[in-house]
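The values are calculated or read from the model by the stated rules, or taken from the named source; none is laboratory data. Not measured: the values here are computed from a predicted model. Neighbour counts are summed over all protein chains in view; Cβ atoms, including those assigned to glycine, are modelled from backbone coordinates with ideal geometry. With ligands, DNA and RNA removed, areas are computed over all heavy atoms of the protein, side chains included. Shrake-Rupley method; radii C 1.70, N 1.55, O 1.52, S 1.80 Å.
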Amino acid sequence: MTDAQTAGRYRIGLDLGSTASKGVILGPDGTVLARDIVPSGHTPAETAARLAARLADGLDIPADRLGAVATGYGRNMARLAQKKITEITCHAKGVLHLHPDAGSILDIGGQDAKAIRIGPDGGVMDFAMNDRCAAGTGRFLEVAARRFDLGVEELSAFCQDDPVGDGDGPELEISSTCVVFAESELVGLAARGAPPRDALRAVHRAIARRVILLLKQVGATEPVYFTGGVAQNETLRRAVAAAAGMEVRRAASPQFTGAIGAALLA
């Protein structure tokens with residue numbers, strides 16, 4: 001469409017992830033009018049339709065003024081979207097909209113992790129993704145939290161009494177790169193009387209070691225902006241920054257950068 005044709009249009013961006021689906025509606029001036037997040041469930045088409053309806057609830061927007069783009073794992077099933085665009089492109093667009101100084105992006109979701117290097121012109125120069133193993137993803141944190149009867153949202157606060165790597169005693173380590181074996185290591189640490197906080201700090205360091213391989217693979221440049229639901233974990237952000245020796249910042253609205261980017265591209 002030309003600029004004249006898109007003027008005055010409202011745009012919906014849907015990021016249909018493996019665990020959670022996020023959506024935003026942008027007004028004609030780019031202002032976020034609504035945003036929401038729901039569990040992804042098993043049927044991306046129904047999730048997309050339900051999420052769009054929730055977003056539009058209370059907004060009097062004519063159907064002919066709506067443009068929709070879907071991204072994420074379930075994007076190809078979103079029948080209401082006029083376009084389906086990869087999450088790499090949408091995350092880059094969303095992060096650059098919020099943070100024009102971004103050099104690279106680290107996105108960690110429930111089932112995958114990816115690193116994206118941004119070029120001087122704002123385009124994607126390179127990217128790397130880990131979507132074949134749960135190590136280095138939110139799933140690893142979920143397994144660890146459950147082992148110690150914590151909610152995944154409690155992990156960061158539980159570990160923050162001592163910054164990662166600054167404890168008085170010897171640091172515990174988890175060496176396995178597989179979540180199944182890493183959980184066995186956690187069981188072993190608990191059996192030997194390891195304090196839960198120390199064991200969970202080891203989990204954060206293990207994830208950090210895994211994801212910095214992605215940053216190295218793409219030749220990441222600073223500042224690195226951290227996105228995805230896992231970006232809300234401050235302990236992990238610090239662990240990644242320490243392991244990478246780079247400036248790692250949490251993006252504004254880290255769960256919604258993909259949806260914002262999708263809406264901007266609608």
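Leaving ligands, DNA and RNA out of it, report the carbon-plus-sulfur percent of the accessible area of region 1-121 at a 1.4 Å probe. Don't skip to the end; give the middle numbers.
On the way: 2960 of 5780 Å².
Here it works out to 51 percent.
May I ask you to derive the FRET efficiency for ARG50 and ASP29 from their Cβ-Cβ distance with R0 = 41 Å, giving the value to the nearest 0.05?
So, using R0 = 41 Å, E works out to roughly 0.95.
Remind me, relative contact order of region 1-123 in percent, using alpha carbon pairs under 8 angstrom and six or more residues apart?
Value for region 1-123: 22 percent.
State whether region 1-132 is rounded, prolate or oblate according to the following rule on the C-alpha gyration tensor (a ≥ b ≥ c being the square roots of its eigenvalues): a/c under 1.5 gives rounded; otherwise a/b larger than b/c gives prolate, and the remaining case gives oblate. Don't jump to the answer; show the numbers that get you there.
Details: a/c = 2.03, a/b = 1.21, b/c = 1.68.
Note, shape of region 1-132 comes out oblate.
For region 52-104, report the accessible area per residue in Å² (1.4 Å probe, heavy atoms, rounded to an integer).
Numbers: 2770 Å² over 53 residues.
Heavy-atom SASA per residue in region 52-104 reads 52 Å².
Ranked from highest to lowest mean number of other Cβ atoms within 10 Å per residue, what is the order of the peptides 141-152, 194-205, 49-60, 101-112?
Working: 141-152: 17.0, 194-205: 21.0, 49-60: 14.4, 101-112: 22.9.
Taking the mean over residues of other Cβ atoms within 10 Å, the ranking is 101-112, 194-205, 141-152, 49-60.
Any lysines with Cα under 23 Å of the LYS22 Cα? List them, leaving off those in the same chain fewer than 8 positions away.
In chain and number order, the partners are LYS83, LYS84, LYS93, LYS114.
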